[in-house]
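A.B. asks: Handing you a structure now.
The values are calculated or read from the model by the stated rules, or taken from the named source; none is laboratory data. Here the structure is a predicted model, which is why all the values come from computation and not from measurement. For neighbour counting, all protein chains shown are included, and Cβ atoms are generated from backbone atoms with ideal geometry for every residue, glycine included.
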Amino acid sequence: MTAYLRASKTGPVTQATKPIVPVRRRASGEATRAEIVAAAERHFAERGFEAARLEDIAADVGIRRAAIFYHFGSKQELYAAVIDEAFRDAMPALPSGASAAEKLEQSITRWIDFVARRPTVARLILREAASAQPGMVSPFVEAGRAPVELLRALIDEGIASGELEPLTDPHRVISLMGATTVFHFASMPWMTAGLPFDPWSAEELEKHKREILLVARTMLGIDRGRRPAGRGAR
């Protein structure tokens, strides 16, 4: 997420009947836009698209509601910007010299790191999944299509090279990898409430990666595909 930039504050502007949120001066419109998107991501994740209020988003940023429409034509356009920003770093570039299996495993671990850094994305995904309508392609689905297509391409590449011997359809594997990590980071805080457990700690993050990779290697037959090449099982 784009880092928030510091901004100076003016004194509060008030009316006789209703207080107005103080307006802050900013160095650039880009900084304001980034702050709006970041605040909107939190509100959409916590409350959903319909319940999230532009007034609350504006208050978080320190601007008037009308100022949002200087950067975004509508609430839907703001939501689309949140989705684009959320998935911008979901799948960073992979090393060109790695095998398909190695790139696939790196993609999975980077996906886990991404969701761990931005648990609001996990909640957004759960909300979208719950409200999805058959035959309708939402902006969220469009934005999330690239990571899915990348994983599918890597699986196809691994099957063609003999590195992978899947036990099930690749789409089932992709769904399981995504859903397991999303639900883990979205639900663990309340599932472990009152317990000495931090799903974002380095130790727990590494445990989650090992467990997910174990499932992925089993379902995709990564070790079986490696043995004929003399690399042996891990």
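A.B. asks: Going through the range 82-109 one residue at a time, which ones are in a loop (DSSP other than H, G, I, E, B), of a type in the set (A, V, I, L, M, F, W, C) and more than 26 Å from P199 (Cβ to Cβ)?
C.D. replies: Filtering the range 82-109 down to residues in a loop (DSSP other than H, G, I, E, B) leaves 88-99.
Still in the list and also of a type in the set (A, V, I, L, M, F, W, C): 90-91, 93-94, 98.
Matches in the range 82-109: A93, A98.
A.B. asks: Related question: Residues to consider are T109, T181; find the one that is surrounded by 14 or more Cβ atoms within 10 Å (Cβ to Cβ) and under 20 Å from I83 (Cβ atoms). It would help to see each step written out before you state the result.
C.D. replies: Working: T109 fails: under 20 Å from I83 (Cβ atoms).
Sole residue among the options that is surrounded by 14 or more Cβ atoms within 10 Å (Cβ to Cβ) and under 20 Å from I83 (Cβ atoms): T181.
One line per residue, one yes/no per condition, for (1) touching a helix residue (DSSP H, G or I) at 6+ places or on another chain (Cβ under 6 Å); (2) over 24 Å from E211 (Cα atoms):
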{"position": "R123", "(1), (2)": "yes, no"}
{"position": "E128", "(1), (2)": "yes, yes"}
{"position": "A146", "(1), (2)": "no, yes"}
{"position": "E165", "(1), (2)": "yes, no"}
{"position": "D169", "(1), (2)": "no, no"}
{"position": "R172", "(1), (2)": "no, no"}
{"position": "L176", "(1), (2)": "no, no"}
{"position": "V182", "(1), (2)": "yes, no"}
{"position": "F185", "(1), (2)": "yes, no"}
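A.B. asks: On to the next question. Look at L150 and say whether it is within 21 Å of the chain's Cα centre (by Cα), under 30 Å from F44 (Cβ atoms) and at pLDDT 90 or above. Before you say what the answer is, go through the steps one by one.
C.D. replies: Details: within 21 Å of the chain's Cα centre (by Cα): yes; under 30 Å from F44 (Cβ atoms): yes; at pLDDT 90 or above: no.
For L150, the condition - within 21 Å of the chain's Cα centre (by Cα), under 30 Å from F44 (Cβ atoms) and at pLDDT 90 or above - is not met.
A.B. asks: Let me confirm something: among L167, L205, which residue is at pLDDT 85 or above and more than 24 Å from E41 (Cα to Cα)?
C.D. replies: Numbers: L205 fails: more than 24 Å from E41 (Cα to Cα).
Among L167, L205, only L167 is at pLDDT 85 or above and more than 24 Å from E41 (Cα to Cα).
A.B. asks: Continuing with the same structure: Quick check: is even one residue across the range 95-116 modelled with pLDDT under 75 and closer than 25 Å to L214 by Cα? Steps first, answer last, please.
C.D. replies: Restricting attention to the range 95-116, the residues satisfying the condition of being modelled with pLDDT under 75 are 95.
From the residues that got through so far, the ones that are closer than 25 Å to L214 by Cα too are 95.
Checked against the condition, which is being modelled with pLDDT under 75 and closer than 25 Å to L214 by Cα, the range 95-116 yields at least one hit.
A.B. asks: Something else about it: For the range 202-215, name all the residues that are under 17 Å from L167 (Cβ atoms) and under 20 Å from the mean Cα position of the chain (by Cα).
C.D. replies: At the first step, the residues of the range 202-215 found to be under 17 Å from L167 (Cβ atoms) are 212-215.
Within the range 202-215, I212, L213 meet the criteria.
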